[in-house]
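Input: a single structure, listed below in structure tokens.
The values are calculated or read from the model by the stated rules, or taken from the named source; none is laboratory data. Predicted, not measured: the structure shown is a model, and the values here were computed from it. Quick reminder, even Gly has a Cβ in these numbers, built from the backbone with ideal geometry, and neighbours come from all protein chains shown.
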Amino acid sequence: MTQFERYGQVPPPRSDAQGDQPYRRGGPAPEWMSEDPPWAMPTRRHGATMAGDSNVACMNVIRTYRISSDDTVQALNGVDLELEPGTVTALIGPSGSGKSTLLRLLACVDRPDSGLILIQGRDTARLSRARRVKFRRRRLGYMFQNPADNLIEYLTVRQHLRLAARMRGVRLRRREMDELLDRLGIGAKANNLPRQLSGGEQQRAAIAFAAVGPPALLVADEPTGQLDHDTVGDVLDAFAALASTGVTIVAATHDPIVAQRADRVVHMVDGRIEEER
Ligand code: ADP
């Protein structure tokens with residue numbers, strides 16, 4: 001079994017792992033190493049009865065933005081949602097319906113005003129800011145719409161994987177990197193810099209970067225929004241390959257092909273989940 005396939009079994013962090021520090025050797029041990037190690041993290045600390053077998057669960061999540069002293073916008077208006085491990089969920093809905101807000105909460109970039117967000121049993125909404133950052137680094141992957149925003153311009157694809165392994169505190173052998181890249185269809189591009197990749201290849205490199213660990217959840221905001229029709233299928237194949245290893249994927253999208261290929265489609269309207277397929 002490869003590192004990539006070993007879903008849920010995260011080996012101890014390397015002693016030189018840098019956590020939230022910039023990518024460099026040496027330096028002090030990262031603060032997160034004093035936390036519970038990831039392999040000891042209970043999979044469902046609070047959620048066993050509430051969230052059933054789901055990997056991710058939102059319960060009555062509310063998020064209000066304050067625009068001025070007397071004006072607010074309720075972006076999420078009581079979202080309930082469960083995501084199963086190993087599935088791809090497409091989040092669709094009109095502009096302004098709350099998709100990006102929900103993704104930001106799932107990705108631990110932001111916190112809800114109220115409600116629960118359980119990821120592998122951990123209520124991420126209750127984590128302090130510092131612990132949320134650590135949780136995000138270690139357990140979550142995030143993909144932006146613009147391929148260039150997902151990659152560091154001076155690192156090759158292989159160097160991105162090394163960086164991901166150091167950030168997540170896992171060991172990733174060269175053979176395992178090659179297997180991961182082959183699986184995502186970019187095995188021949190391991191030594192390329194981002195500018196030497198097409199947009200679709202860049203997005204697959206971003207998926208590879210997110211896949212190291214592996215993460216509990218990959219959150220993608222319009223991942224195919226800037227790709228031409230021919231390369232969208234390659235990115236969706238990469239999602240399917242990653243999901244087949246047990247990773248949960250949720251993608252906000254306006255692209256009908258993404259929705260068609262997803263295991264599940266969730267429709268948001270006015271800050272609520274209105275329909276599901
Ligand atoms: P979508 O991704 O579906 O287009 P968003 O989550 O971006 O929807 O936005 C939901 C609502 O919240 C919209 O009315 C939007 O204007 C508002 N909103 C989003 N982000 C902010 C913000 N940072 N400050 C104030 N209002 C915001």
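Worth a mention:
- Residue match in segment 178-200 (condition: in contact with a Lys or Arg (Cβ under 7 Å, 6 or more places away or on another chain), buried (at least 16 other Cβ atoms within 10 Å of the Cβ), at pLDDT below 95 and not hydrophobic (A, V, I, L, M, F, W, C)): yes
- Contacts under 9 angstrom Cβ, first residue in segment 89-106 being under 12 Å from Arg272 (Cβ atoms), partner near the ligand (Cβ under 7 Å from one of its atoms) and part of a helix (DSSP H, G or I), 6 or more apart: Gly93/Lys99
- Residue in segment 172-191 that is part of a helix (DSSP H, G or I) and of a type in the set (S, T, N, Q) present: no
Table: residues versus (1) over 14 Å from the mean Cα position of the chain (by Cα); (2) assigned to a loop (DSSP other than H, G, I, E, B); (3) within 16 Å of the ligand (Cβ to nearest atom).
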site	(1), (2), (3)
Gly78	yes, no, yes
Glu82	yes, no, no
Pro85	no, yes, no
Thr89	no, no, yes
Ser100	no, no, yes
Val109	no, yes, yes
Ile117	yes, no, yes
Arg136	no, no, no
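- Among the candidates Gly98, Gly141, the residue that is among the small types (Gly, Ala, Ser), under 25 Å from Val235 (Cα atoms) and modelled with pLDDT of 95 or more is uniquely Gly98.
- Only one entry of Val247, Val232, Val269, Val212 meets the criterion of being within 14 Å of the ligand (Cβ to nearest atom) and either touching a residue at least 12 places away in the same chain (Cβ under 8 Å) or small (Gly, Ala, Ser) (or both), and that entry is Val269.
- Per-region count, segment 236-277, residues in a loop (DSSP other than H, G, I, E, B) and farther than 11 Å from Gly86 by Cβ: 7
- Residue in segment 224-234 that is within 19 Å of Ala107 (Cβ to Cβ) and of a type in the set (Gly, Ala, Ser) present: yes
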